[in-house]
Amino acid sequence: MKRILLPHIICPACLPKEHQLSLSAHCEEDGDIITGTLSCKKCNRRFPIRDGIAHLIPDPDNGPSGGQWRYEEAEMTDRYLWSHYGDLLGVADFGVANSQWAEFLCALNPAVSFDAGCSVGRLTFEMAARSSLAVGCDLSHGFIKTARRLARERQLKFSLPLEGNLRESFCIELPDTWRSDNVEFVIADALRVPFAGDTFGQIASMNLLDRVSYPLAHLFEMNRVASNQRASFLFADPFSWSTSAAPEELWLGGTINGPYKGRGLDNVRSLLEGKCKILTPQWSISLSGVIPWKIRTHCNHYEVIRSEYLIAMR
């Protein structure tokens, strides 16, 4: 974990109160803390740093629960690597989703950027090109370990099934123009973001809202950590609501009755624009639309997902 993160980190267990964590570094290389502990003097919780990765969740020693286990499988990591970096691999008919997401990033306040549910890190790298520091978080240790390795080594080999037991190999190489010195990845919960309020001038939540256990809490946390002025928010989601992720009464769309009946994108827009004054200061929507993207199982089987997006400013 890079030392430059320290001024922004708070205890996720103490939220909504914000208490900074103190560092005890055991091994450090050129400002990168390899092993150590972050401690909260208020609640006495300790958050480990192992192999350069900060585990910033309220109970860092607990393993994944529920459907989160599938995101720790190596095959799932490889699928997401293909989905995030397929254009760099020269994959035919890959699509333009990644380049379009990058074009939508607007760093009005280019100091620090935040990518919630960053997976294997593509958008975080794009954010780094537009800010002095970009931070990606995810609950998956496999995703964060992979993203951090790519930032460190700037290339990564992986493979996917071609057909049956045959496999196809790939090698990602980051373009020379992409920065990795100002990128960091941490294990954290998008419902309890371990960063101080009013920190990030640029935030993103990509294809995450329908997967968290409390969607409104996620939007609240994104709003909390965003700068109160001169901030941009790139939001996208396919709104694949499922009771395996959250009970129906907590969905922000896809229902006939309730405070968030109807379509998810409409409800997210209303919340950002100030509905019930839940998210303040309110945002203004500058652009919205739909972008399809792909994830691969094998060479003849792909899943195409359509994500509806909003770009919000304040």
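Per the conditions (1) more than 11 Å from the chain's Cα centre (by Cα); (2) farther than 25 Å from Arg269 by Cβ, the sole criterion not satisfied by Val186 is (1).
Tell me which helices (runs of 4 or more DSSP H) are completely within segment 79-178 and hold 3 or more residues being surrounded by fewer than 22 Cβ atoms within 10 Å (Cβ to Cβ), or say none if there are none. Result: 97-104, 141-153.
The single condition among (1) surrounded by 17 or more Cβ atoms within 10 Å (Cβ to Cβ); (2) touching a residue at least 24 places away in the same chain (Cβ under 8 Å) that Thr297 does not satisfy is (1). Scanning segment 244-256 for residues that are loosely packed, with under 14 Cβ neighbours inside 10 Å and at pLDDT 95 or above turns up Pro247, Glu248, Glu249, Ile256. Ser213 meets all of the listed conditions (1) out of contact with any strand residue (DSSP E or B) (no Cβ under 7 Å at 6 or more places or on another chain); (2) farther than 30 Å from Pro7 by Cβ but one, namely (2).
Selection within segment 96-110: residues that are touching a strand residue (DSSP E or B) at 6+ places or on another chain (Cβ under 6 Å) and of a type outside the set (A, V, I, L, M). The member of this set that is nearest to Val304 (Cα to Cα) is Gln100. Within segment 60-78, residues that are of a type in the set (Phe, Trp, Tyr) sit with their Cβ atoms under 8 Å from residues that are surrounded by fewer than 16 Cβ atoms within 10 Å (Cβ to Cβ) and modelled with pLDDT under 75, at 6+ positions apart or across chains, in these pairs: Tyr71/Pro64.
The values are calculated or read from the model by the stated rules, or taken from the named source; none is laboratory data. None of the values given here were measured: they were computed from a predicted structure. Neighbour counts run over all protein chains shown; Cβ positions are idealised from the backbone, glycine included.
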